[in-house]
Each structure stands twice: as C-alpha cells, then as structure tokens.
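Just below is one structure, and these are the notes that go with it.
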Amino acid sequence: MPRAGALATGSPPATHALARYRNEFPVFQDTVYLSTCSLGALGERTRRRVAGFLDMWQARGAAAWYDVWWAALAELRSRYGRLVGAAPEEIALAPSISVALSTVAEALDYARRPKVVITALDFPTVAYQWLAKRPRGIELVVVESPDQVSVPVEAIARAVDERTALVATSHVYFTSGAIQDIRAVAHAARAKGALSLIDAYQSVGQVPVDVRAAGVDFLTAGGLKWLLGGPGIVFLYVRAELARRLTPAIAGWFGHRNQFAFDPRVLERHDDARRFELGTPALAAVYAQLGGLDYIDEIGVPAIRAVTARLTEDLIARARARGFRPKVAPRASDRSAIVLLPAAEPAAAVARLAAAGIIADARPGHVRLSPFFYNEQDDHVAALERLGTPTGH
Ligand SMILES: Cc1ncc(COP(=O)(O)O)c(C=O)c1O
C-alpha cells in the first residue's frame, strides 16, 4: 500500500517511531486493524507468554502454582500498580470490570448515603451494579450530557450531596473518546464526603493515569483494550486507607488472609486491596496480560499518547476533509484515540469495511475507529476510502 502523504503543512510524517512494533502484530499482514477500543490486537510477545504458560501447565501441572504462578500474580499486581502510580497492595485482580465494580458496590455503606451518581455516557455495566440494588433502596442518579460527547464536571458536582455514597464515572467515554477530568470528579465527590470510582478501561494504556495525582478512591481497568492483554483480566485500585477499612459483602478464598488454612469457620480478609479478590484467577489471561504489558511498559504510556494523539488528529482531519463530522471533544487535548463517525447504518458500514479487511466497530449511529501505536496514517486512508462519503446524519 502506498504511503499516505502529510495532510497539510505542519502535519505529522506518514509514519512514526512506534510503527516499528507493527511487525509484531500479525493481524496487520492482511488486515487494517482500527478497533483497539474494542479489543487490542494480539502481539507476538503476548502469544509467547501464553504459550509459555501452556508449556508449564503441561510439564508441571499444579506443581507450578507455588514457585511460578503465584509469583506471576504478584508481578501482575505490581505492574498494574506501577502503571497508574499505585502500590502493589492497592491492586486487586478481577476477571472483568463488572466483577470489580460489583465488589465495590458490595463494600459501601448506603445507610446514610443511599445515592450513587453516574453519567449518561458511562458504559452501562457501571449503572447496572446499582440498578440491581434498587430494591434495597439505592438511588441511581444519571447526570445527562448536553452534547453526547462529555459531561460538565459542574453538573456532576451539582448532583453530589451529603446523601451520596459514590460518584462512579469514566476516564475516557466509550462513545465519544472524550477524556474526563477525573481529578475534578474526585474533588467534587470528596467535597461532599462521597467516594469516587473511575472506570478507566478506555484510558489506561493510551492515556497517562496517576491515581494519586487524581485523588480517586477506586479505579478499574484491564487487559481487553489498550493494555493488549485480551479478555478475562482486569484490576481494581483501592486507595490504601480504604483497602484496609472496607469489607465487601461478597467473598472468596483469594481474599482470605490465610487461604490455605481451609477453615470454613473463619473469614479473615487481607488487610490490603486483595480483600476485594474472589476466586482463582484465569492464568492464561494473566499471562496474556503480562505479554501485553511487555509492550506498554517498554514503550511507556507518555510515548504512546504522543503518537496516538497525532494519529487521532490525523484521522479527524482526514475524515473532515471527506465531509464527515466526527463526534469528538472540541479541544484536541480532551480527545483520546477513539473517533466516532456518524453513519446512517453503522453495522452495514462496519460489515463493508470488514469485507475489505478493515476492522472497526459500530456504536449507535456511528462507526468507531481507534488507532493505537501500531497504526499508521495509511490505515486511516484505507478506512475512509472504503467508508466513502457520509450518509444520513
Ligand atoms: C468503559 C468500559 N467499561 C466496561 C466495559 C465492559 O467491561 P466488562 O465486560 O469487563 O465488565 C467496557 C467494554 O467492554 C467499556 O468500554
């Protein structure tokens, strides 16, 4: 495929330093992959990590638990923690964001604070934890978005009061890619004595995150998307002081301080975030995530952000030049590498792209494209050419 030229004076060159990693992602041999916000591409290092796990399972079976796999769990907690500026003791492993959220939902005291505040743009599984508790008297308040791109933090702050237990919202919105000011969200919660929880599934890996600088109480993210670890492994950050104090009303033996005592009469939790863990982690997913982190840690999130920010602007500019009106935040600094293009029939457009070997996904009324460090401008050119001209909207 010929290289795409720079779009205009001052725009970035057609390729970038991180494109050298592209060879390690075989999907690009015959496909244009632009769907990292749905599922990160599989890298060779990830495949090797999982193959190594399978070899170990075959050769040693359960004997590998104590000297190898246990250490892999500790390594993963520690690397997740480093990625977001947290201590390993503040990280719990979980199989999905939904499970991580539900452990938090089961750890809060709603007696005097029955309210939970979310936004209309959050991934719905955030809401479901508390909708499921409505029969128990939990009130879910959904703060609307005036433009379907972001939610003004002032509106979130207005919704929080002395009856609010928690503000739970996203760092990057999955339907617009807009980056939310999570420091301001945490401040709005704290100002009224409420806690804050951030669903950072769409940010960690593509946008720098520092839980301490942000002052958030809980944050969850994981392998599926921007951490290149596939499905089945996520983490929950719990601020140290809270991790010691809160006790989820659901439990499993991995949250037990002395799990090998096997005493059914006693439940003593870890005195750190591991008290939020439940059962045996999916080791294949743990190894896949370690492989994904081998890329993320080697490159570093700031370098990834520098490249993806330029790719994002390139994609938006090319789409606009073709007459599309991308649904993105007005300021470039508030945009992440998720770009929604209005489409009258998004599922049909995504199928048309797939038939041409271009992988994107659909969200209501839009085709969603998400470049990562392994993408190049040529990928944008290919996708936009195949999408043709804007329809409807
Ligand atoms: C922001 C966000 N949160 C949560 C989820 C779903 O999380 P899980 O399936 O792990 O519960 C998704 C998409 O998969 C998402 O984009």
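Surface analysis of region 303-393 yields an accessible area of 38 Å² per residue, using protein heavy atoms and a 1.4 Å probe. Overall, the anisotropy analysis places region 18-144 in the oblate class: the square-rooted eigenvalues a ≥ b ≥ c of its C-alpha gyration tensor yield a/c not less than 1.5, with a/b not exceeding b/c. Local charge for residue 106 was computed over the other residues whose Cβ lies under 12 Å away, with Lys and Arg +1 and Asp and Glu -1, and equals +2.
Could you please report the charge total around residue 293, scoring K, R as +1 and D, E as -1 over all other residues with beta-carbon less than 10 angstrom from its beta-carbon?
Working: positive: 45, 49, 79, 82; negative: 75, 294, 297, 298.
With Lys, Arg at +1 and Asp, Glu at -1, the net is 0.
In loop segments of region 45-107 as defined by DSSP, there are no GluC sites (Glu not before Pro) with at most 14 further C-beta atoms inside 10 Å of their C-beta. Spin-label model, residue 213 to residue 378: label points 7 Å out along the Cα-to-beta-carbon direction sit 3.5 nm apart. Set the Förster distance to 25 Å, then compute FRET efficiency between residue 352 and residue 144 from the Cβ-Cβ distance, nearest 0.05. Step by step, r from the Cβ atoms, then E = 0.15. The coefficient of translational diffusion for region 248-332, derived via Stokes-Einstein from the alpha carbon Kirkwood radius under 37 °C and 0.692 mPa s, stands at 189 µm²/s. For residue 344 and residue 120, the FRET efficiency from 1/(1 + (r/R0)^6), where r spans their Cβ atoms and R0 equals 25 Å, is about 0.65. Of the peptides 51-61, 91-101, 17-27, the order by per-residue mean of other Cβ atoms within 10 Å, starting with the highest, comes out as 91-101, 17-27, 51-61. For region 216-364, the normalised intensity computed at q = 0.12, 0.13, 0.16 Å⁻¹ comes to -0.76, -0.84, -1.04 (log10 of I(q)/I(0), Debye sum over alpha carbons, equal scatterers, no solvent). Model label sites at residue 325 and residue 260, defined 7 Å from Cα along the beta-carbon direction, differ in position by 6.4 nm. Here the calculated FRET efficiency for residue 191 and residue 57, from their Cβ-Cβ distance with R0 = 51 Å, stands at 0.55, rounded to the nearest 0.05. Stretching residue 70 away from residue 39 to a fully extended chain increases their span by 8.5 nm, per 0.36 nm per residue minus the current alpha-carbon distance. When the Gaussian network model of the chain links Cα atoms closer than 10 Å, the mean-square fluctuations of 111, 360, 178 top out at 111. Cross-link partners for residue 225 among the lysines, with Cα-Cα distance under 29 Å and sequence neighbours closer than 8 places in the same chain left out: 133, 327. Surface composition of the chain: carbon and sulfur atoms hold 55% of the protein heavy-atom accessible area at a 1.4 Å probe. Each peptide in 221-231, 336-346 was scored by the mean count of other Cβ atoms within 10 Å over its residues; highest first, the order is 221-231, 336-346. Counted by Cβ distance under 11 Å from residue 313, the other residues give a net charge of +3, where Lys and Arg count +1 and Asp and Glu count -1.
Only one residue of 323, 58, 252 has its Cα farthest out toward the positive end of the dipole of the chain, where Lys and Arg carry +1 and Asp and Glu -1 on Cβ, and that residue is 323. Averaging Cα coordinates gives a centre for region 217-270 and one for region 32-68; these two points are 22 Å apart.
Only DSSP H runs of four or more residues enter the estimate; each adds -39500 (n - 2.57), and after division by the residues of the chain the mean residue ellipticity at 222 nm equals -10500 deg cm²/dmol.
Compared with the dominant Cα axis of the chain, that is its longest principal axis, helix 44-60 is turned about 40°. Annotation: peptides 143-149, 125-131, 183-189, ranked by per-residue average of other Cβ atoms within 10 Å with the highest first, follow the order 183-189, 125-131, 143-149.
Cα-based Rg of the chain per 2.2 N^0.38 Å, rounded to two decimals? Computed over Cα atoms of the chain, the ratio equals 1.01.
The values are calculated or read from the model by the stated rules, or taken from the named source; none is laboratory data. A quick note: this is a predicted structure, and the numbers were derived from the prediction, not measured. Note: ideal-geometry Cβ built from the backbone for every residue, glycine included; neighbour counts use all protein chains shown. Just the protein is used for accessible areas: all its heavy atoms, side chains included, with ligands, DNA and RNA removed. Shrake-Rupley method; radii C 1.70, N 1.55, O 1.52, S 1.80 Å.
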